[in-house]
Amino acid sequence: MKVTIITPCYNSAPYIATTIKSVQEQTFTDWEMIIVDDGSTDNSATIVSEIAKIDLRIKLIQKENGGSASARKLGLSLAQGEYIHFLDADDIIDKDKLQIQIRLMEQHSLDVSYTDWCWINKNGETTPTKGLRCNLFRLLTIWGPFGTLPPHCFIYKHHFLKKNNINIPTHIKEREDWDFHIEVFSARPKAQRIAGYCGAMYMKAPTGKTTGASVEKIQLGTFKYLAYKIKNTYGLKRQLLYLRFSIELFFWIVRKIKYKNNVSVFSCHTKSDIKKIVTIGCIYMPLAAIIASVSIVYNHIDLRKRQNHIK
């Protein structure tokens, strides 16, 4: 078995059949798809079960609700493929994605490969492709406000994950994907980006508009994760996380003005710890401003290059 696709599924009945279809339409056919139903209360499991009767490459696993991270972790423990691909139950992938990435990984003996991505709405319309050149420095400092990659951009060599004891984090409740990729790139993988190719399509919410409330939730989750990570990281990586916290503080001020929200930085950790983190974050603020400016310019140039490449 070449590729295992792992899909956590919770109340995804409106989308799951479309997600499965995008896998079944792959030009690369040597795959298995493990769909972990995370205690759905709708008919998601029934839909998957009916499709699995026809296509034996699809496997349904059912468990009590525990969150998407626990579902991915269970799927990973059951994976038989040489390569691992995560795909959420409401997202889709381009029909050539597996073919392109597996060929590239085998030609160059890569541990990780990843494509760019684009939004897709309910009518199947996509926006211009987005992406990010991924490395540990960028993951620690600018991941989030200056670019991110959804999980289904990536394919990982299974042996690389096992050799470096990299697994899905279930001990944290915020930013599990971010944490996973910090661990992946801390292991210094041989990785390559396929720039300008939209291999992963990310479902856009019907509202299409970020609300103040959702910004507050995202913001607080990021602060909580960074406070946790800083407390449990040492050396240069910790200093870079302080810098990332400083960048988030800057955006917190901007968002507070824009949305007039009431999120408190001090609600994300114990007061004694967070005071120290905020103080060091403020010291790093001038450097954070420089990184923010450079990142904005770089992302603009990079996007223009990729859009011209597509044309």
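Computed from the coordinates by the stated procedures, all read-outs in this text should not be read as laboratory data. Since the structure is predicted, the reported quantities are computational estimates derived from the model, not experimental observations. With ideal geometry, Cβ positions are generated from the backbone for all residues, glycine too; neighbour counts draw on all protein chains shown.
Numbers at a glance
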| read-out | value |
| --- | --- |
| Rg and Dmax of the stretch 3-203, Cα atoms only, in Å | 15.9, 46 |
| Distance between modelled label sites at Asn43 and Glu106, nm, 7 Å Cα→Cβ extension | 4.0 |
| Euclidean distance of C-alpha centroids, the stretch 59-75 and the stretch 237-251, integer Å | 32 |
| Over 32 Å between alpha carbons, listed pairs Lys73/Lys95; Lys163/Lys229; Lys2/Lys229 | Lys2/Lys229 |
| For Ile58, distant residues with modelled amide H under 5 Å away | Met33 |
| Net charge of Cβ neighbours under 11 Å - reference His158; Lys, Arg +1; Asp, Glu -1 | +2 |
| Extension gain (nm, one decimal) between Ile54 and Lys95, 0.36 nm per residue minus Cα-Cα | 12.8 nm |
| Using a Förster distance of 30 Å, the FRET efficiency for Lys21-Ser186 (Cβ separation, nearest 0.05) | 0.25 |
| Fraction of beta bridges assigned by DSSP in the stretch 3-203 that are antiparallel (%, nearest 5) | 30 |
| Relative packing of peptides 195-202, 140-147 - highest average C-beta neighbours within 10 Å first | 195-202, 140-147 |
| Neighbour net charge for Asp37 - beta-carbon separation under 15 angstrom, K R +1, D E -1 | -2 |
